[in-house]
1. Distances in nm, one decimal, shortest first, from B:Thr9 to the same residue in every other copy, taking the label point 7 angstrom along Cα→Cβ.
2. Hey, which of these cross-link pairs are over 25 Å Cα-Cα: A:Lys167/B:Lys430; A:Lys125/B:Lys97; A:Lys125/A:Lys161; A:Lys75/A:Lys101?
3. Quick one: which residues, 5 or more positions from A:Leu362 or on another chain, have an amide H under 5 Å from its amide H? H modelled 1.01 Å from N in the peptide plane, none for Pro or chain starts.
4. How large, in Å, is the range A:113-227 by the Kirkwood hydrodynamic radius built from its alpha-carbon pairs?
5. With equal scatterers on the alpha carbons only and no solvent term, can you work out the Debye log10 of I(q)/I(0) for chain A at 0.06, 0.07, 0.11, 0.12 1/Å?
6. For B:Pro449, go 7 angstrom from Cα along the Cα-to-Cβ vector, then report the distances to that same point in the other copies in nm, smallest first.
7. Between the label point of B:Lys26 and that of the same position in each other copy, find the distances and list them shortest first in nm, with every label point placed 7 Å from Cα along the Cα-to-C-beta direction.
8. Work out the mean other chain Cβ neighbour count within 10 Å for the residues of A:373-381 and drop it here as an integer.
2 protein chains.
Amino acid sequence: MEHTKYLLTEKEMPTSWYNIQADLPKPLAPAIHPGTMQPLGPADLAPLFPMELIMQEVSQERYIDIPGEVIDIYKAWRPTTLYRARALEKALDTPAKIFYKYEGSSPAGSHKPNTAVPQAFYNKKEGIKRLTTETGAGQWGSSMAFACCQFDIELKVYMVKVSYQQKPYRRMMMETWGAQCVPSPSPDTNSGRAALAEDPNSPGSLGLAISEAVEDAAPRADSHYSLGSVLNHVLMHQTVIGLESLKQMEMAGEYPDVVIGCVGGGSNFGGMALPFVHQNLTAGKNTRIIAVEPSSCPTLTKGKFAFDYGDVAAMAPIVKMFTLGHKFMPPPVHAGGLRYHGMSPIISHLYDLGLIEAKAVLQLPTFEAGIQFARTEGFISAPETNHAIRATIDEALRCRESGEKKVILFSHSGHGHFDLAAYDAYLSGKLADYEYPEALVESALKDLPQCLLG
Amino acid sequence: MEHTKYLLTEKEMPTSWYNIQADLPKPLAPAIHPGTMQPLGPADLAPLFPMELIMQEVSQERYIDIPGEVIDIYKAWRPTTLYRARALEKALDTPAKIFYKYEGSSPAGSHKPNTAVPQAFYNKKEGIKRLTTETGAGQWGSSMAFACCQFDIELKVYMVKVSYQQKPYRRMMMETWGAQCVPSPSPDTNSGRAALAEDPNSPGSLGLAISEAVEDAAPRADSHYSLGSVLNHVLMHQTVIGLESLKQMEMAGEYPDVVIGCVGGGSNFGGMALPFVHQNLTAGKNTRIIAVEPSSCPTLTKGKFAFDYGDVAAMAPIVKMFTLGHKFMPPPVHAGGLRYHGMSPIISHLYDLGLIEAKAVLQLPTFEAGIQFARTEGFISAPETNHAIRATIDEALRCRESGEKKVILFSHSGHGHFDLAAYDAYLSGKLADYEYPEALVESALKDLPQCLLG
């Protein structure tokens, strides 16, 4: 079966990122300071982020130039390939045309370096010599490790302890790139020491790791903090995915009827979707744009659109987003990148405005889809990506029923080379599934900052 | 630092493989039947291989067309990227220009699918429904698993037991693609049962795994056997690497003064080197072509050019090659793909004729080189590849001393995503090194088939 791909030259790479804030029919709600409960100003964020990223976070400019130094490093793997999934189409016997944008070819194996590189660059430019960050499964930490060694910046990664123990390869990858990686809770911060005092065997959590990374960076003049999803500037950096895809779909002589991506914090989905939302808003297009989340952590489909903290410890800025409550602990599904209680404010806002759709899928059917994809298209995908593949296959099977020749484009966020234990568990019938416990909704939401409930 | 790459379009992909047998100044010695000690004929090989591969093995045609069905699947990842390693050059402060051809972007992560796909295709064409093969570290087995699911062929892989236990991810990868993978020795064959009877805890060996795979396939009409290196047709399939590189170097406006590749059985090195040997032989070029092997298994630099068996059990065809003796057990270096007692007859022949060079490198300096490469160029490389990187860096450092602006091209055989434990051992000072015990030379060579010593 022929494998068909659409390649851009380096000259066709985007030279600016797309900022959807310029085109929103209604502006985003401001972020709130968790101490004062007042809107955050740039100065509040300066101990953590370089000023150029702080300004990008609130910019209303439609396009922001990608610095030449960032493009130089993007060229290690960009532009990425857009594939027509002919072998999958044939296996599904569908009249639908399926396309996917493959981000697994970056050195770190996912889309995450698209924002790790500019974040490292702007920090370097501001004279920062050291960054801290947190990581769950390790996709983000390893991407920052790659980016920091490109700019000769020191990096310390606080990795959720249970992942640190279960996924040693991601830690080794960070160390190969020269980063320091410690299990969180660690004895290196007050938050870590407090957690260890309470429970020396604490498995850690993303919320706690954020607290440690922030506490480490904030007081040090040589250090900043970086975040791999959720924030406006992060989604904007990721729009290179959708901007390239627009050109590649044009090369293919098609325009998508449906755009699909998996969604956790929102960075991969946003990177693909925002340029297509732009086309819907301004160019008379009418593409359905679908965010796919795990049924075990159904932020968009079952959460509440409200002001909530970004972290468990309630130290991070408060933003208006779909949330399951900042104390919600998602079940241990293998799609670690989708285990977040909240959702990027931009994605939340678009969903609230009815400009995008959302659906939730169970874990077992996502692995079934990932295996069908591997056996046809060849690539073994990350568990997160398998959510997008599941929704794509479902859409293509509906086309088989209806006879519709829909054009479906999905965002392939990365490879699954470090997730094979999950495939093994699935193939040997040992993988569990998790529905979201309905009873949790009310109890989890009682922790929202009450003064901001509107 | 700018990352520079040279991309071919699909239209510029080679449409035929290059067969160096057409250009050898002296023909290869014939392969010998291990039972009769007479030259092998096509009929002897028919129980194991499809006739088209058997004919390719002895063909004297300079170019052999790549079937359209193979090109269709090559397109999943080919043409591959040629990079200029500017960041590495800068770190080395060398006037040399370093280029590398990156084969790590294939679904299986190495160059091996270049031959796995045509092998599966020709077997399918001959009506074969099932293949068997052996694998050491798993690069080859996983590539065959990918290729077989593209052609809907059943695959059984005999994986050396010690690797089966130590590298479960490669086994899981094969299973994700639908192959069956069993530890060798297995209870499924006479050879396996005999080995288990002798030692139930036998760690297995590549030679034994070959015996099991051959014994399984030979008597079954529906089954054939496949091999991932050494044979003439395997090296020929791999010449897509060198043929593409020739075009890409032309795009870069350079021609290599030095071509470097790592060498175990010879398939990656041969794939890159043979088209450049062709240029040296017929187009007045004078490129140095260097095969890099581990000091622990120094087949070319310390072995003898003689007729020897391809496997430990002395059941495989006898070929004239550089060998350390078919009973030599290489030390457990992490470059599993380079742990072979012999060497492809073509590479051996070229080395004997003085048309290529060879050098041996120790394990620890190869990891040092791989880490320097990862921190500059971004990609984390397989331990095999690190041998080529070590030799490249050494050459570039010599250029720094001499001021020479040499153009160096090396073959990057694949990524190291499943080899991070070896990086971890290196970084934590726990990695051992192995010199080849000189005393072994004479004793290991006494097992050569004496009647064929010339």
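1. 0.9
2. A:Lys125/B:Lys97; A:Lys125/A:Lys161
3. Here the answer is A:Ser295, since their amide H atoms fall under 5 Å of that of A:Leu362.
4. Working: mean 1/r = 0.0730 Å⁻¹.
In the range A:113-227 this quantity evaluates to 13.7 Å.
5. Summing over Cα pairs of chain A leads to -0.23, -0.31, -0.81, -0.99.
6. Those separations, rounded to one decimal, come out as 8.1 nm.
7. Spelled out, the distances from B:Lys26's label point are 8.5 nm.
8. 5
The values are calculated or read from the model by the stated rules, or taken from the named source; none is laboratory data. Just so we're clear, the structure is a prediction, and the values are computed from it rather than from any experiment. Because the Cβ atoms are built from the backbone with ideal geometry, glycine has one as well, and the counts that use them run over all protein chains shown. We work out accessible area using only protein heavy atoms, side chains counted, and drop any ligands, DNA or RNA first. Shrake-Rupley method; radii C 1.70, N 1.55, O 1.52, S 1.80 Å.
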